[in-house]
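Engineer: Mind looking over this structure? Questions follow.
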Amino acid sequence: MTLVVIIIALALIFDYINGFHDAANSIATIVSTKVLTPFQAVVWAAFFNSIAFFIFSDHAVANTIAKTVHADQITLPVVLCGLIAAIIWNLLTWWYGIPSSSSHTLIGGFAGAAVAHAGFDSIDQASIYKTLLFIILAPLIGMFISMFITVVTLQRNFWLKIGIITVLIGACVFLIPFKKDFEKWALLGIGVIFVASYFYNHIKGESAYRTANMYKSLQLVSSAAFSVGHGGNDAQKVMGIITVALIAGGQIQTFDQMPNWVPIACYAAIGLGTMSGGWKIVKTMGTKITKVTPLEGVCAETAGAITLFTAANLGAPVSTTHTITGSIIGVGATKRLSAVRWGVTVNLVWAWVLTIPVSGVLAALCFYLYNLIF
């Protein structure tokens, strides 16, 4: 029981670190465009991180994380060592301002400790392949969606722009099999806000000053949507880890018996962590990849939110870091390819590639050390 308590405490600490490590994902563009001050931005993001608790109640991502390792090979030391490794790598990358994926850090740590415990057969290969696939897909999806949104947004023909947006929203509402009606109505509501804003701006006269202010207002909406997706995707990963610890410790028997306090504690921890900020990573995400205007911030955050919500519905544990980075690259590349600082991007990709194996090795070392001591 003592070890279970320690694991839960470490898991919530990791969730808190995840909050300030990945705070940049939610606030980098809205801070760099000066729509909100850093403090206002983290409070805004933290609030909507926590709102995700009431939206993603099916916990599909948490279930996927819990199945990364075969149930009969999950022990409390495996979970403990995976968490310790994930915390070490997260703090290290945060210290150097590298926006690596907290999600993949956790998965790599969990898998690495399991391999040290029972070999590679202990890992559910389908879950790992799904995660690896989305390491590639998430930034690409975010990039292409943001490029498309940016092109549509920059369209000078007002009625053509409104027509494309209306058709797209209608297609999404009627064709996407959302798990909850709330998500469908939320998408429709966001679409109505955007269309109404464009109409108001068109009627008043599309001056540069008025249009810039419109996009600053819309960035509050897009940032909120992305923060909800961030909270729904990232907090669920820790929920999965705590639940498997409770199963391994004998407190519950199946994933479906997850206690209500687990999601509440995880969403609260990630919200508090986000309020602590992560300014080194904010600088990397908000200014070093490409210069972002309010218009481009809206496009990047909207693309990121769409990607995260889609992934959450599929139960795919994607990285919010990868998603928003791809989206920021997309808006930069839409202007011109030279607008993106590709040297910075290549360094980020290396961090993404190394995260799972390095976390896995750290977890394996922690597991061997644990066995030597205990």
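None of the figures in this text is laboratory data; all of them are computed from the coordinates on show. Not measured: the values here are computed from a predicted model.
Engineer: With only alpha-carbon atoms in the gyration tensor, what are the semi-axes of the equivalent ellipsoid for the range 128-183, in Å, largest first?
Structural biologist: Working: eigenvalues 145, 70, 8 Å².
Computed over the range 128-183, the values are 27, 19, 6 Å.
Engineer: Continuing with the same structure: What is the extension gain from ASP72 to THR2, computed as 0.36 nm multiplied by their sequence separation minus the C-alpha to C-alpha distance, in nm to one decimal?
Structural biologist: Values: separation 70, 0.36 × 70 = 25.20 nm, distance 2.11 nm.
Once the chain is fully extended between ASP72 and THR2, it gains 23.1 nm.
Engineer: Oh, and also: Please compare each pair in LYS237/LYS335; LYS67/LYS216; LYS67/LYS335; LYS130/LYS161; LYS204/LYS335 to a cut-off of 31 Å on the Cα-Cα distance and tell me which ones are over it. Before the final figure, lay out each step's value.
Structural biologist: Numbers: LYS237/LYS335 35 Å; LYS67/LYS216 41 Å; LYS67/LYS335 42 Å; LYS130/LYS161 36 Å; LYS204/LYS335 27 Å.
As for pairs spanning more than 31 Å Cα to Cα, those are LYS237/LYS335; LYS67/LYS216; LYS67/LYS335; LYS130/LYS161.
Engineer: Normalised by the empirical 2.2 N^0.38 Å for globular proteins, what value does the Cα Rg of the range 144-256 take?
Structural biologist: Rg over 2.2 N^0.38 Å, computed on Cα atoms: 1.49.
Engineer: Here is a further query. Under the rule of at least 5 residues apart or a separate chain, name every residue whose amide H is placed under 5 Å from the amide H of VAL69.
Structural biologist: Here ASP124 satisfy the definition.
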